[in-house]
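As structure tokens, the structure follows; a few thoughts come after it.
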Amino acid sequence: MDGMSGSHVIRGSVSLPEAELMWRFSRSSGPGGQHVNTSDSKVELSFDLAKTEALPAVWKQRALEGLAGRLVDGVVTVRSSEHRSQWRNREAAAVRLAALLAEATAPPPKPRKPTRIPRGVNERRLRQKKQRSETKQGRSARNWN
């Protein structure tokens, strides 16, 4: 039972406090037979990204920009209904949210440093091209009479 207690680590020492997570439960349309009609196993986990103080300012800005398409009034929501048990769906949703935020707060990749093609490579390619051309020219230039 210690999987759900406390906070969920995003990266390093930064984690989501349980107090800022909003849980909603509803009936799932997934597997479960008759059980699915009576239990609220579908989980929706919401996190108010715009108002949180748990993330460093730089990470928060990156996440707001990176998740702009998924945010509704600054809140990101993750759903989970693949398991029959509400508990497992809660764990899956928390892991999914942490992974989503870890990806969104990651630093941008280093810009690509353009490189030049070495002169020798170009010369070799042109030499082979010329040689191939001469071979083909020689085939058609022959007098077949």
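The values are calculated or read from the model by the stated rules, or taken from the named source; none is laboratory data. All of these numbers come straight from a predicted model, not from anything done at the bench. Here Cβ is always computed from backbone atoms with ideal geometry, including for glycine, and neighbour counts include all displayed protein chains. Quick note on the areas: whole protein, heavy atoms, side chains included, nothing else; ligands and nucleic acids left out. Shrake-Rupley method; radii C 1.70, N 1.55, O 1.52, S 1.80 Å.
The single condition among (1) at pLDDT below 90; (2) part of a loop (DSSP other than H, G, I, E, B); (3) open to solvent by 70 Å² or more (accessible area, probe 1.4 Å) that Ala54 does not satisfy is (3). Tallying residues that are in contact (Cβ under 8 Å) with a residue 12 or more places away in the chain, in a strand (DSSP E or B) and not basic (Lys, Arg) within region 57-79 yields 4. Going by what's in this entry, would Ala104 be described as farther than 19 Å from Ser15 by Cβ, aliphatic (A, V, I, L, M) and under 23 Å from the mean Cα position of the chain (by Cα)? Considered against the rule, which asks whether it is farther than 19 Å from Ser15 by Cβ, aliphatic (A, V, I, L, M) and under 23 Å from the mean Cα position of the chain (by Cα), Ala104 comes out as no.
Can you pull out the residues in region 65-102 that are among the hydroxyl-bearing types (Ser, Thr, Tyr) and buried (at least 19 other Cβ atoms within 10 Å of the Cβ)? Matches in region 65-102: Ser80, Ser81. For region 103-120, which residues satisfy the criterion of being part of a helix (DSSP H, G or I) and surrounded by fewer than 10 Cβ atoms within 10 Å (Cβ to Cβ)? Residues satisfying the conditions are Arg119, Gly120. Could you grab me the full set of residues in region 28-48 that are modelled with pLDDT of 85 or more and either of a type outside the set (Gly, Ala, Ser) or in contact with a helix residue (DSSP H, G or I) (Cβ under 7 Å, 6 or more places away or on another chain) (or both)? Once the filter is applied, which keeps residues that are modelled with pLDDT of 85 or more and either of a type outside the set (Gly, Ala, Ser) or in contact with a helix residue (DSSP H, G or I) (Cβ under 7 Å, 6 or more places away or on another chain) (or both), region 28-48 yields Val43, Glu44, Leu45, Phe47, Asp48.
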